[in-house]
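Working notes, beginning with the structure itself.
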Amino acid sequence: MTDSPATSLTPGNWSVTATSVDPAVGTIHVGGNLTQSGSDLSGSMYVVGSMCFDVSQPVSFTGTMTGTTVTLTSTAVNGQVFSVTATLTTGTDMSGTYAITGGCANGDHGTAVANAVPSIGGTWNGAVVGSDGSSVPLSVALTQDPTASADGSFPLTGTLAYTTSVGNTCSVSGTITNAFVAGSYVLMNADTVEKDGSAGSVFYNNVLLDSSTTPLHMTGTYQVAGGDCDGDVEDITLTKQ
């Protein structure tokens, strides 16, 4: 007897928003590439917002789809396994529950809502603090690779442009050297040209999209290395244009 045909799941960048029944745990974001072959599911994802998972280390997931029922189970990480059981409502949306067994998060559980994340390619604008405390407009042009890397993330390339006529800017321009999106989690590093002509770097870390279905804002920590603003750290929000 063969299994019933599986509903088609849209492959690509998926985000799982896991909300714990324990308010102290809060919300965990799981995201990365998810693919389907027949009734089998597989992917590599980052786990963000949990003290028991290292955000820098992707986690492998495997699972199955029977009809519209989806199960996903991670490999064990420090003895803990993250599992999701959900119902696929469309090819790009599912909802259900999650549970963690073993490790320091043993017993944590709650609701899980997942969806395919649209490309975040485009122009994102915001502002950073200049060397004199003024607000300097920043525009980031992003291109998202449609093909996932081996770690399940989707590479981002692009440039940074600072409006030098407004405020006392430290950086003039920048080129992204390492960046990706995995679910609603974004990481971005860039080399910059400073106002004095020297080379610098900026790091945009701990970044989350405001929505995994219709991302319009991203917020994270912006850190500068080199130039007049060396060592500056601030939280900034970029808005999609």
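None of the figures in this text is laboratory data; all of them are computed from the coordinates on show. Everything numeric in this text was worked out from a predicted model, so none of it was measured. Please note: Cβ atoms are built from the backbone with ideal geometry, for glycine as well, and neighbour counts cover all protein chains shown.
Tabulated results
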{"quantity": "Magnitude of the charge dipole, the chain, Cβ model with Lys/Arg +1 and Asp/Glu -1, debye to 20", "calculated": "520 debye"}
{"quantity": "Expected-Rg normalisation [2.2 N^0.38 Å, Cα atoms] applied to the stretch 12-116", "calculated": "0.98"}
{"quantity": "Listed peptides 12-18, 109-115 by packing density, highest first (mean Cβ within 10 Å)", "calculated": "12-18, 109-115"}
{"quantity": "Equivalent-ellipsoid semi-axes of the chain, from the Cα gyration tensor, Å, largest first", "calculated": "37, 18, 14"}
{"quantity": "Candidates 84, 48, 172, ranked by Gaussian network fluctuation over the chain, Cα under 10 Å, top entry", "calculated": "172"}
{"quantity": "Span from the the stretch 58-93 Cα centroid across to the the stretch 95-115 one, whole angstrom", "calculated": "10 Å"}
{"quantity": "Relative contact order, percent, the stretch 12-116 [alpha-carbon distance under 8 Å, six or more residues apart]", "calculated": "24 percent"}
